[in-house]
Amino acid sequence: MKPRQAIDKLSSLKKSDGWKIVSTVMDEETLNAAIQLSEFRNLPLEEIHFRRGAMWAARQLRDMPEKLIMKYENDLALDEASKDIK
């Protein structure tokens, strides 16, 4: 898939109602995990690390369309720059 096509598809995904639902649910789950961390004071260290990792992963997934759009925009810019050099 060409970078421009990927950008268009990712942009439409980001604007879709389905992605808004997924993003909202992920935000709520991240908040719930943070609240649970603050409420349960006697959690084992491994459980704390697991929950922190789950929150990190949820944020990364939620931001994935933006990160991929940026990557493909950078690829386009590099392609254009390399065409100008030739």
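The values are calculated or read from the model by the stated rules, or taken from the named source; none is laboratory data. No experiment lies behind these values; they were computed from the predicted model shown. Here the Cβ positions follow ideal geometry from the backbone for every residue, glycine too, while neighbour counts run over all protein chains shown.
Looking at this structure, is residue 81 modelled with pLDDT of 90 or more and either in contact with a Ser or Thr (Cβ under 7 Å, 6 or more places away or on another chain) or of a type in the set (Gly, Ala, Ser) (or both)? No; evaluated as a whole, the condition is false for this residue. Would you call residue 5 in a helix (DSSP H, G or I) and either under 26 Å from residue 76 (Cβ atoms) or basic (Lys, Arg) (or both)? The answer is yes for residue 5.
Counting just the residues of the range 31-74 that are among the charged types (D, E, K, R) and over 22 Å from residue 19 (Cβ atoms), which one comes out surrounded by the most Cβ atoms within 10 Å (Cβ to Cβ)?
Within the range 31-74, the subset among the charged types (D, E, K, R) is 39, 41, 46-47, 51-52, 59, 62-63, 66-67, 71, 73.
Now drop any that are not over 22 Å from residue 19 (Cβ atoms), which leaves 39, 41, 46-47, 51-52.
Values: 39: 8, 41: 6, 46: 8, 47: 13, 51: 17, 52: 13.
Per the criteria, the residue is 51.
Could you figure out which of (1) modelled with pLDDT of 95 or more; (2) more than 22 Å from residue 4 (Cα to Cα); (3) surrounded by 13 or more Cβ atoms within 10 Å (Cβ to Cβ) isn't true of residue 21? Here residue 21 meets the rest and fails (3).
The numbered conditions (1) within 17 Å of the chain's Cα centre (by Cα); (2) closer than 30 Å to residue 3 by Cα are all true for residue 79 except (1). Could you tell me whether residue 42 is outside any helix (DSSP H, G or I) and out of contact with any Ser or Thr (no Cβ under 6 Å at 6 or more places or on another chain)? Answer is yes for this residue.
So, residue 29, is that one within 15 Å of the chain's Cα centre (by Cα), acidic (Asp, Glu) and on the phi < 0 side of the Ramachandran plot or not?
Details: within 15 Å of the chain's Cα centre (by Cα): yes; acidic (Asp, Glu): yes; on the phi < 0 side of the Ramachandran plot: yes.
When the stated conditions are applied, residue 29 passes them.
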